[in-house]
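Here is the structure we will look at.
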Amino acid sequence: MSSVEKVSCLIIGSGPAGYTAAIYASRANLKPVLYQGIQPGGQLTITTEVENYPGYPEGIQGPEMMVDFEKQAKRMGADIRFGLATKVDFSDSLHKVWIDEEKEIHADTVIIATGASAKWLGLPSEERLNGYGVSACAVCDGFFFRGKEVAIVGAGDTAAEEAHYLSKLCTTVHMFVRREQMRASKVMQDRVLNTPNIKVYWNTDTDEILGEKNVTGVRIVNNKTGEKQEIPVSGFFVAIGHQPNSDIFKPFINMDEAGYIQTTPGTSKTNVIGIFACGDVQDKNYRQAITAAGSGCMAAIDAERYLASIGH
């Protein structure tokens, strides 16, 4: 028999969105309970230097920034816990969430801030050098490779956009496309192909990322001819998409075809009354710490107003 706990505001996830929601919900006296999930601190914990978040003039390490967010939420009175939401039942006005498959929580409001995970190629060298030249966010980390050569893998709009962004900072951008054409929209493809310092390699797979402590190069293989080639680069960007962490909500919450939760424009409201979504689990456009934090604030305010409307 699992134990049942009743809360007025449950927050699932602990990136900038979840922690900001916890700060605002605590200040509104909602006594929020936050479960940190599988990756406490979210995607920022795999980012090294964050230089584009306002208020940190010297920049800050991603993990350190998430510790600051957590401390602030705790200071406001948020109840922050380890644990992963493994199942939900949103068929009733009392929303049920199971933590680690055993503890059952009944919540008047739920704020979903489970984020998204970058898709990776799955190479051991990619994992080993992650944060040491390997990155899944050109907008976050491109700045560190100014005046250097970099590589990017991907063929969609995001990859094309990030390649173009990197081309303004880096001497050469080597772009690896698995097929003989890109999936990106025509306008994005044209932009890439017309940028002189982006070199596109068709029918190309990444064989290995090279380097001991930092990325020093990449070995690619032509998947038509089998020919291998090594290219010296300082940075390796993976832009093959993100996967929103939304699977457990699928039976109840409206999502787009990629699994991003759909919210009413201008709000954090989902199709289920009393359930709100914020951060990267519902944002495939911006995916920045600052926009996630902003949407976490919105979710807490929306939850507070909903609770007031039902007399809580």
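Need the full-extension length gain, Glu101 to Ile38, defined as separation in residues times 0.36 nm minus the C-alpha distance. One decimal, nm.
Result for the pair: 21.3 nm of gain on full extension.
Quick check: pseudo-label points 7 Å beyond the Cα along Cα→Cβ at Ala308 and Leu84, how many nm apart are they?
Each label point is offset 7 Å from its Cα along the Cβ direction, giving 3.8 nm.
Given H placed on each backbone N at 1.01 Å, which residues far from Thr216 in sequence or on other chains put an amide H within less than 5 Å of it?
Leu210, Gly211
How high is the relative contact order of the stretch 88-191, in percent, with contacts defined as C-alpha pairs under 8 Å that are six or more residues apart?
Reported relative contact order: 18 percent.
Would you work out the relative contact order for the chain, in percent, from Cα pairs under 8 angstrom that are 6 or more residues apart?
After rounding, I find 21 percent.
Taking Cβ-Cβ under 4.7 Å as the only way to count a partner, pick out the unpartnered cysteines of the chain.
That list is Cys9, Cys170, Cys278, Cys297.
In the neighborhood of Gly41, defined by Cβ-to-Cβ distances under 11 Å, what is the net charge if each Lys or Arg adds +1 and each Asp or Glu adds -1?
-3
Report the label-to-label distance for Lys186 and Trp202 in nanometres (one decimal), using points 7 Å from each Cα along the Cα→Cβ vector.
1.8
Can you find, among Gln229, Ile11, Val150, the residue farthest towards the positive end of the dipole of the chain? Put +1 on the C-beta of Lys and Arg, -1 on that of Asp and Glu.
Farthest towards the positive pole: Val150.
On full extension of the chain, what length is gained from Arg75 through Asn223, given 0.36 nm per residue of separation minus the C-alpha to C-alpha distance?
Computed gain between Arg75 and Asn223 is 47.8 nm.
Can you figure out the FRET efficiency of Lys31 with Lys213, using R₀ = 51 Å and their beta-carbon distance, to the nearest 0.05?
0.65
Using the beta-carbon distance between Glu5 and Phe144 and R0 = 41 Å, what value does 1/(1 + (r/R0)^6) give for FRET efficiency, to the nearest 0.05?
Taking R0 as 41 Å, the efficiency between Glu5 and Phe144 is 0.40.
Taking every DSSP beta bridge with both residues inside the stretch 120-238, roughly what % is antiparallel (nearest 5)?
Once the DSSP bridges in the stretch 120-238 are tallied, antiparallel ones form about 40 percent.
[x] 21.2, 69; [y] 21.0, 72; [z] 22.0, 77: which one is Rg and Dmax of the Cα atoms in Å as calculated from this entry?
Entry [x].
Identify, among Gln181, Gly279, Pro196, the residue whose Cα sits farthest towards the positive end of the charge dipole of the chain, taking +1 on the Cβ of Lys and Arg and -1 on the Cβ of Asp and Glu, with the dipole about the Cα centre.
Looking along the dipole axis, the top candidate is Pro196.
Find how much the distance from Asp256 to Asn285 grows on full extension, using 0.36 nm per residue of separation minus their present alpha carbon separation; answer in nm with one decimal.
Gain on stretching Asp256 to Asn285: 9.1 nm.
Hey, what number do you get for the chain at 222 nm if only DSSP H runs of n ≥ 4 count, each worth -39500 (n - 2.57), divided across all residues, to the nearest 500?
Computed mean residue ellipticity for the chain: -7000 deg cm²/dmol.
Using a 10 angstrom Cβ neighbour count of at most 13 plus a DSSP loop assignment to flag exposed trypsin sites (Lys or Arg not before Pro), which longest range of the chain is free of such sites?
Result for the longest clean stretch: 1-145.
With a Förster radius of 25 Å, plug the Cβ-Cβ distance of Thr172 and Glu127 into 1/(1 + (r/R0)^6) and report the FRET value to the nearest 0.05.
Working from the Cβ atoms, E equals 0.50.
Suppose every Lys and Arg Cβ carries +1 and every Asp and Glu Cβ carries -1, with no other charges. What dipole size does the chain come out with about its Cα centre, to the nearest 20 debye?
Here the chain has a charge dipole of around 380 debye.
Rounded if a/c is under 1.5, else prolate if a/b is larger than b/c, else oblate: which is the stretch 120-238, with a ≥ b ≥ c the root eigenvalues of its Cα gyration tensor?
oblate
For the stretch 226-304, with only Lys/Arg (+1) and Asp/Glu (-1) charged at the beta-carbon, what is the dipole magnitude about the Cα centre, in debye rounded to 20?
Charge dipole, the stretch 226-304, about its Cα centre: 60 debye, nearest 20.
Each value in this text was obtained by applying a stated rule to the coordinates, not by laboratory testing. Please read these numbers as outputs of a predicted model, since none were measured by experiment. So basically every Cβ, Gly included, is an ideal-geometry build from the backbone, and we count neighbours across all protein chains shown.
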